[in-house]
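The values are calculated or read from the model by the stated rules, or taken from the named source; none is laboratory data. Given the structure is predicted, the values throughout are model-derived calculations rather than measurements. Neighbour counts run over all protein chains shown; Cβ positions are idealised from the backbone, glycine included.
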Amino acid sequence: MLTQEELARIEKQYGLYLGRRPAGTAAVHGSALAVPDSLAAFISIHQEALQAPRAAVAASLFTKSYARALCGLLDLWYVHRLAPLPQLNALEVISNGLGGIMLHADPSMLTAVNHETKGVTGNHVFRQIASDHLQPVLESIHKHYHLKLSLLWENAYIYLANHYKLWATEAASEQKKTRIRDDWEFIRTSEFPLDLPGKLQDHPLHPGTTFRVRSSCCQKHLLPAGISCTVCPLVTEEERAKILSRKG
């Protein structure tokens, strides 16, 4: 269904593994992340790998990696026309021991979709991924670590917004570009809290372009490296320009 080259791209870009199970130091089925004790045990391992000062910091940063990996499921739809509709317990969440999070899934969960298939759209695929995977995990972390839901959803928003923009840019036709952009506008104002506040401002290194500064801090700067995100609301614009320069 997917070539080895395509599988390798998805693994590298998202940390999503289909079929081949990556090596890791800890693994749980996705449904365990909604169980307090299992969630706490996994986040504790992730905290140690990140050298995070508090479990809540590791939990916040986990949601970013988790959202990135879930974007791989959406990539399967927008790039390969494969509908990934697994339940939460069908995914295995794996820590690589170095602060990275990967998802492992059986490729049998993928359904090839053509234009004659009814009831399956980009919005349908997103709604199932959000309601079956993203929402229960974010709510579980919110309750256990007392992190604001708005912060956790914004962690996911950053990856979703960037990837919808990427998929639209790389779409093969204007019709597909329009459909992806329309999907994003629909999703952003859907029942999930993705219509988030933020500040659009000029890019310091690319005149004429803008980017969105977050309204909340993901707490990445609390890790030993002390590096903030490029869209962190806590840094000065001089600091932001330096961070962007380092990233190239």
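What the table below lists for this structure:
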item	result
Qualifying residue in region 224-241 (condition: outside any strand (DSSP E or B), over 19 Å from T63 (Cβ atoms) and touching a Leu at 6+ places or on another chain (Cβ under 6 Å))	no
Selection from region 157-179 of residues that are over 19 Å from the mean Cα position of the chain (by Cα) and polar (S, T, N, Q)	S173, Q175, T178
Residues of region 94-112 satisfying the condition of being of a type outside the set (S, T, N, Q) and over 20 Å from the mean Cα position of the chain (by Cα)	A112
Residue in region 123-135 that is among the small types (G, A, S), surrounded by 14 or more Cβ atoms within 10 Å (Cβ to Cβ) and at pLDDT below 95 present	yes
Scan of region 17-44 for residues that are crowded, with 17+ Cβ neighbours inside 10 Å and at pLDDT 95 or above, ordered by number	L39, F42, I43
Hey, K64 under 28 Å from K165 (Cβ atoms), free of Cβ contacts under 8 Å to residues at least 60 places away in the same chain and under 17 Å from the mean Cα position of the chain (by Cα) or not	no
Helices (runs of 4 or more DSSP H) wholly inside region 1-80 that include at least 1 residues being out of contact with any Asp or Glu (no Cβ under 9 Å at 6 or more places or on another chain) and more than 30 Å from K176 (Cβ to Cβ)	36-50, 55-80
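Here's the yes/no breakdown for (1) closer than 15 Å to E139 by Cα; (2) not aliphatic (A, V, I, L, M):
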{"residue": "P36", "(1), (2)": "yes, yes"}
{"residue": "S44", "(1), (2)": "no, yes"}
{"residue": "Q47", "(1), (2)": "no, yes"}
{"residue": "V57", "(1), (2)": "no, no"}
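Each row is one residue, and each column tells you yes or no for (1) within 21 Å of C71 (Cβ to Cβ); (2) in contact with a Lys or Arg (Cβ under 7 Å, 6 or more places away or on another chain); (3) surrounded by 13 or more Cβ atoms within 10 Å (Cβ to Cβ).
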{"position": "A172", "(1), (2), (3)": "yes, no, no"}
{"position": "K177", "(1), (2), (3)": "yes, no, yes"}
{"position": "E185", "(1), (2), (3)": "yes, no, no"}
{"position": "F211", "(1), (2), (3)": "yes, no, yes"}
{"position": "K220", "(1), (2), (3)": "yes, no, yes"}
{"position": "P224", "(1), (2), (3)": "no, no, no"}
{"position": "R240", "(1), (2), (3)": "no, no, yes"}
